[in-house]
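In what follows, a structure is listed as structure tokens, so that the remarks can point back to it.
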Amino acid sequence: MINTKSLEGSQMLEINFGPQHPSTHGVFRMNVFLEGEKICALKPVMGYLHRNHELIAENLPYAAVMAYTDRLDYFNSMANNFGYALAVEKLADIEAPERAAYLRVIMAELARIVNHLMLIGFLLNDLGAFFTPVLYAFREREKILDIFEEVSGSRMMCNYFRFGGVKRDVSAETLAAIKKIVAGFPAFLEEFEALLTENEILCMRCQNVGVLPADLAVNAGITGPVLRASGVNYDLRKVDAYGLYDRFDFKVPLGKKGDVYDRYYVRVLEMRESLKILEQALAKIPQGDILNKKALPFLKAPRNFKPAVGEAYGRIESPKGELGYYLVSDGTPQPWRYHVRAPSLINLTVLEDMCVGQKVADAIIILGSIDIVLGETDR
Amino acid sequence: MKEIEFFVDLIFVNAKGWCLDLLGHFLPDWTVVLVSIIISAVVIMVLGPLVMMYLTLLERKVIGRIQNRYGPNRVGKWGLLQPIADGIKMFTKEDIVPAQADKIIHFLAPVIIVIPALMVFLVVPFGERMTAVNLNIGLLYFIAVSSITTIPIFMGSWASRNKYSLLGGMRTAAQMISYEVPMTLSVVPVIMMSQSLSTNTIVMTQAGDMDLHWFVFTPWGLVGFVIFFLCAVAECNRPPFDLPEAESELVAGFHTEYSGMKFALFYMAEYMNAFTLCGIATTLFLGGWQGPLFPSWLWFFGKTFLLICVMIWFRGTFPRFRVDQLMGFAWKFLLPLTLINIPVAALWFFVPEQLAWIYSVPILAVSLWGLVKLNRSFVPEKRIYPLAD
Amino acid sequence: MTLFGTGVLKGLIVTLKNFATSYFRKPDNGGIFTVQYPEERAKEIESFRNFPFLVYDGTPEKIRCVACGICERECPPKCIHIVMETEAGTGKPAKRPAVFEIDYGLCMNCGMCEDVCPFDSIYMDHAFEVTASDRTQELVRPKETLLKSNDYFLKIRPGTATPVDQKRRAAEEKKKTAQAAATPPKTNP
Amino acid sequence: MDLSVETVKKELETKVPGLKLRKVRDSLLIEDAKDLTRVASFLKTSPAFRLDYLSSVTGSDYLTYLESVYHLYSIEKKHGPVVLRVRAPKTTVPIPINCSTAAMGAVPATVPQQKIIAGTAKIPSLVPVYRSAELQEREVYDMFGIIFEGHPDLRRIFMWEGFEGYPLRKDYEQEDTEVLEAADIAWLDARHIAVPNELKEKAKELQAAGKRAVARKPEKPRIA
């Protein structure tokens, strides 16, 4: 907390990083107080992209909200869809058929890979690399986005999940294409890591910068790769085993120190684990329905979908952390209360703790390593 | 055969000579001297911006290829007219001066920054007998003039009244002064070997027809070259030492508040500095215009552009240093290394060559190893990541 | 122990390799993956959805839309506006849209209208080069610009259009046979 | 361990003296809001529960009262959730405007230091127990106007300082998107956009009545 009164007459420099700044990942603002290049206090300011997503959703039928969840974290709309579909399915007690559940896992893991690629690319941009890692990441992301376009019709705003299933079946050719991507991805990761992981400049910049102790991370509700980089083993895919994640054999990579480098490397390892899940899912995916019979009539008439009075909290391990949807139904077509527990927002709680005492350049990469998307932070 | 080679080699020198001869028939002697000066000046004034324009294109193309893109390819064949289009754009852009800025200094900064960048061209030996002025203190002149660049950058950053600019300016001052020291010291062995400060003489001492006597092929020369080149990269604010600009941190650093042609002048100075620094690095360590078969100026430009490509390659690969690490690198790593390099070179002068190789390589290797050991913070930690269930 | 500086060199080798391979490798294999847009075009993916269009059979008069207004009601950003036409003489509703407007400035390409339409009349288009110099007027697309033929639909999205066509033809034939069964009593008083 | 509502309720009632709990759907309602901090710290420290992770803090509006909902999980024991809820009647309480924000220039000087807004409720803050409540409680305050007592920095988070009203409340006057106002019609007319007569008449009526186009609000709670 900054006591601005005490700053008057001091030699401190107050700088607004953002809302217009190349590396605040959108319209985020950091109010930074500097002494030389050292950060004395930092205050995150948000809300520039606020559109009251929750209020919009409370005025719409459940099915129409799906399209709006795409816009939360626009880098991985598949994960957002997944969380929302899960919450509504909990509320209305519908289950996705086997094939649909497999497709969901495949799409969610592809989205995770896309997200981590983008994060690492832009983290390197924040570090000052001139777009090379970003464009290598884009090259691979492009292939995955083509898959998304093929299955859902859109590259980023997928709107692919439905309650009790998915929107469209996936052809054998597309599955083969995904297999090809999965098979070719490790080679790319090798190249990517050769460019980055051992680079002395990157290590100098990232190691022991922005250290987040495990107990603070837990207390502050930090989730996702940031939490795991601090060495806390908590992955909802393992803990909740939602979807079909208990059927796949994968590990949870953990960091040691909880600095920026750990957060970077944990994500690289997570991509490798995602590839394992994808391989297994693609090998095992059965034939069958893609939509629960119970949910079928609501496709054509979304307003007939009236879950019984009650509430549900569905949460998934989105690439950014725990993405939770809290829904209260009053028996009408619209939710009475709809809340998104946004990992991008809550992971910002500890931004100041990580940044104070570091240099200006570190604040940028610490923010980058938290991985926020303003669409989700501000909602 | 030899004649043709000689003719091509001296084509520019002879062209100037003929012009002056022709004028000598009509004009008095003092005007001929004046015209000679003007010709050199005009050539440099044209060469500088031209080099800058096509360096930007080269940079964009090479980085594009590194990133699996085409780079500019729409304006003209292979985008060759792109720099001209950029120039037109820069000229026609609105010139915005912040309301609170110190207007005079804000205006002067981009003007002044170009002057030292052009002035250092004077002592660069572009080819055999192609030095504009063969100063006997050429190297000293180069070091002195090129270090002026700090002042206009700081002027611009201070006058902008922008906090990003201010931080950028402070970084520039710190960085340029720090890197000036190892850069100057890394040149000392070359001066000792060639016993001259004249750039021409330095090139001449590296003469050799097929057996290359370039200084870079000696242990002290290699170390000196690497240090000089790294300092040169830092001097002209190029990645990974581009802290004064630091796009992701300080928006655009010292030129945040500049637009239009003033902005272009900052860029022009940066690229011309890059060119001259690479040219001097070539002169000092890579034998300047010395080289077999091809004309001397082609050798010079070839070597210089090779070094520039390395700079671009750096830009396409590396993330940026942090400000304290940058300083640490200069003071804790480069400076001690240059200080060890000077006595090694001094001994080299007196000891027969085979013996010199035997002692200088281990000395330099051990000191390098020792410096790495002493600078623990530069060495990455090895980490093992557990995979939990 | 690795030598200090090897990480940096490894990175340099990666970029150098990419620089070199960009000259001879194929796009999907580490080469240049830029698509030179106006001359070249990216592969058109069938399920791609952009803005909605209205399908007509044969001539623009035979519009499938009956102006029921379901899409108008279900559209999440409320970008559709429909007014039903009335018969000239009687003033009865004519089951045809008099006004059918979509505000492209509002539309968020979610595909909800396509999902809910019971008359197979509104579908998502592939046309993405939609520009306007004015965001209030030109982006509100009237019926005339939204109407596209079934042939176009079959061309861009055969996977969706063919089953729809079959279904419609079957329904029509059923209707015809029903009519044929129903007509004889009328002609025989 | 078993985290069903009944067992948690029994456990809490025996271990925390003087606590009144009620089961509401799958959650525990703490009747007296003041007990919230006690309950949370017990759940956090008790070795049986170790609910060290507060996943979500949400408000909701049930017209007569406001509610704050907490989802607690345990990272250590990997179980959960225990859902707590606290209710507070809508009352009129002064909202303190953070002095430091005023100094930072976010609040215009004309805004009084204390401002009365109808219908705010008070609930103790959980920030001393869980840091993760920090931004979430600010969000709930911003959207519902629940005042979290003991929060170190309770300011609006998404809406700007000086914004009046709480958007997610059911009594928030929301613009009716289906109805145009006179000003909208004038704007459209100036751009030569045809406006149906029906809408024009409605706008005239609204203007004559001196009302704004406000969406219909629910009169009675549809759910408790």
Q: Scan segment A:151-173 for residues that are more than 9 Å from chain C (Cβ to nearest Cβ) and farther than 13 Å from residue A:290 by Cβ and jot them down.
A: A:156, A:158, A:172, A:173
**Q.** residue C:44 modelled with pLDDT under 85, within 13 Å of chain A (Cβ to nearest Cβ), assigned to a loop (DSSP other than H, G, I, E, B) and under 24 Å from residue C:164 (Cβ atoms)
**A.** yes
**Q.** Pick from segment A:145-154, criterion buried (at least 20 other Cβ atoms within 10 Å of the Cβ) and assigned to a helix (DSSP H, G or I), ranking: nearest to the chain's Cα centre (by Cα)
**A.** A:148
Q: Give just the number: which of (1) within 11 Å of chain B (Cβ to nearest Cβ); (2) closer than 30 Å to residue A:211 by Cα does residue A:260 not satisfy?
A: (1)
Q) What number goes with the only condition from (1) more than 9 Å from chain D (Cβ to nearest Cβ); (2) touching a strand residue (DSSP E or B) at 6+ places or on another chain (Cβ under 7 Å) that residue A:348 does not pass? A) (1)
Q: Give segment D:136-187 a look and list any residue that's closer than 20 Å to residue D:37 by Cα, assigned to a helix (DSSP H, G or I) and aliphatic (A, V, I, L, M), or say none.
A: D:140
Q. Quick check, is residue B:361 within 14 Å of chain A (Cβ to nearest Cβ) and either modelled with pLDDT of 85 or more or assigned to a helix (DSSP H, G or I) (or both)?
A. no
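Mind listing whichever residues of segment D:46-80 are among the aromatic types (Phe, Trp, Tyr) and part of a strand (DSSP E or B)?
D:53, D:65, D:70, D:73
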Q) In segment C:22-68, how many residues are under 30 Å from residue A:135 (Cα atoms), surrounded by 16 or more Cβ atoms within 10 Å (Cβ to Cβ) and in contact (Cβ under 8 Å) with a residue 40 or more places away in the chain? A) 5
Q) For segment B:156-260, which helices (runs of 4 or more DSSP H) that fit wholly inside it have 1 or more residues that are within 14 Å of chain A (Cβ to nearest Cβ)? A) B:163-194, B:219-235, B:247-250
Q. From the residues in segment B:150-165 that are under 22 Å from the mean Cα position of the chain (by Cα) and surrounded by fewer than 24 Cβ atoms within 10 Å (Cβ to Cβ), which one is nearest to residue A:360 (Cα to Cα)?
A. B:154
Q: State which residue is nearest to residue A:227 (Cα to Cα) when the search covers only segment A:295-330 and only residues that are in a strand (DSSP E or B) and more than 10 Å from chain D (Cβ to nearest Cβ).
A: A:321
**Q.** Enumeration of residues in segment A:76-88 that are over 16 Å from residue A:154 (Cβ atoms) and within 14 Å of chain C (Cβ to nearest Cβ)
**A.** A:84
**Q.** Test: residue A:327 is more than 19 Å from the chain's Cα centre (by Cα) and crowded, with 24+ Cβ neighbours inside 10 Å
**A.** yes
Q) Got a number for residues in segment A:21-75 being within 14 Å of chain C (Cβ to nearest Cβ), part of a helix (DSSP H, G or I) and of a type outside the set (A, V, I, L, M)? A) 5
Q: For segment A:59-69, indicate whether the set of residues that are modelled with pLDDT of 85 or more and surrounded by fewer than 18 Cβ atoms within 10 Å (Cβ to Cβ) is non-empty.
A: no
**Q.** Residues that are more than 8 Å from every other protein chain (Cβ to nearest Cβ), surrounded by 15 or more Cβ atoms within 10 Å (Cβ to Cβ) and not in a loop (DSSP other than H, G, I, E, B), drawn from segment B:371-389
**A.** B:371
Q: Evaluate the following for residue A:366: is it in contact with a Gly (Cβ under 6 Å, 6 or more places away or on another chain), assigned to a helix (DSSP H, G or I) and within 14 Å of chain D (Cβ to nearest Cβ)?
A: no
Q: Scan segment A:1-24 and report the pairs whose first residue is within 18 Å of residue B:167 (Cα to Cα) and whose second residue is modelled with pLDDT of 60 or more and basic (Lys, Arg), with Cβ atoms within less than 9 Å and a gap of 6+ or a chain change.
A: A:13/B:163; A:14/B:163; A:15/B:163; A:16/A:29; A:16/B:163; A:17/A:29; A:18/A:29; A:21/A:29
**Q.** Subset tally (residues that are surrounded by fewer than 23 Cβ atoms within 10 Å (Cβ to Cβ) and of a type in the set (Gly, Ala, Ser)) for segment B:108-149
**A.** 4
Q. What single numbered condition from (1) over 21 Å from residue A:303 (Cα atoms); (2) over 15 Å from the mean Cα position of the chain (by Cα); (3) part of a strand (DSSP E or B) fails to hold for residue C:81?
A. (1)
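Evaluate segment B:165-172: report whether one residue or more is hydroxyl-bearing (Ser, Thr, Tyr) and in contact (Cβ under 8 Å) with a residue 60 or more places away in the chain. Please lay out each step first, then the result.
Going through segment B:165-172, the residues hydroxyl-bearing (Ser, Thr, Tyr) turn out to be B:165, B:172.
Among the residues that remain, those that are also in contact (Cβ under 8 Å) with a residue 60 or more places away in the chain are: B:165, B:172.
For segment B:165-172, residues hydroxyl-bearing (Ser, Thr, Tyr) and in contact (Cβ under 8 Å) with a residue 60 or more places away in the chain: present.
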Q: Select, from C:122, C:102, C:82, the only residue that is surrounded by 15 or more Cβ atoms within 10 Å (Cβ to Cβ), aliphatic (A, V, I, L, M), touching a strand residue (DSSP E or B) at 6+ places or on another chain (Cβ under 7 Å) and over 24 Å from residue C:46 (Cβ atoms).
A: C:82
Q. Where residues in segment B:240-281 are hydroxyl-bearing (Ser, Thr, Tyr) and farther than 22 Å from residue B:304 by Cβ, which of them is surrounded by the fewest Cβ atoms within 10 Å (Cβ to Cβ)?
A. B:259
Q. From the set of residues in segment A:262-320 that are aliphatic (A, V, I, L, M) and farther than 30 Å from residue D:55 by Cα, which is farthest from the chain's Cα centre (by Cα)?
A. A:301
Q) Within the set of pairs 6 or more residues apart or between chains, which connect a residue that is on the phi < 0 side of the Ramachandran plot inside segment A:191-218 to a residue that is aromatic (Phe, Trp, Tyr) and surrounded by fewer than 18 Cβ atoms within 10 Å (Cβ to Cβ) with Cβ atoms less than 7 Å apart? A) A:200/C:4
Q | Verdict on residue C:10 being within 12 Å of chain A (Cβ to nearest Cβ) and either within 28 Å of the chain's Cα centre (by Cα) or at pLDDT 85 or above (or both) | A | yes
**Q.** Cβ-Cβ under 7 Å pairs, at least 6 apart or on other chains, segment B:299-328 side more than 11 Å from chain A (Cβ to nearest Cβ), far side charged (D, E, K, R)
**A.** B:311/B:238
Q.
Please go through segment B:12-57 and give me each residue that is of a type in the set (Ser, Thr, Tyr) and touching a residue at least 40 places away in the same chain (Cβ under 8 Å), ordered by number.
A. B:40, B:56
Q) Conditions: (1) within 23 Å of residue C:128 (Cβ to Cβ); (2) touching a Lys or Arg at 6+ places or on another chain (Cβ under 9 Å); (3) of a type outside the set (Val, Ile, Thr); (4) away from chain A (no Cβ under 14 Å). Residue C:37 meets all but one. Number of the miss? A) (2)
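The values are calculated or read from the model by the stated rules, or taken from the named source; none is laboratory data. Treat the numbers as computed from the prediction; the structure is a model and nothing was measured. Glycine also receives a Cβ, built like all others from the backbone with ideal geometry; neighbour counts cover every protein chain displayed.
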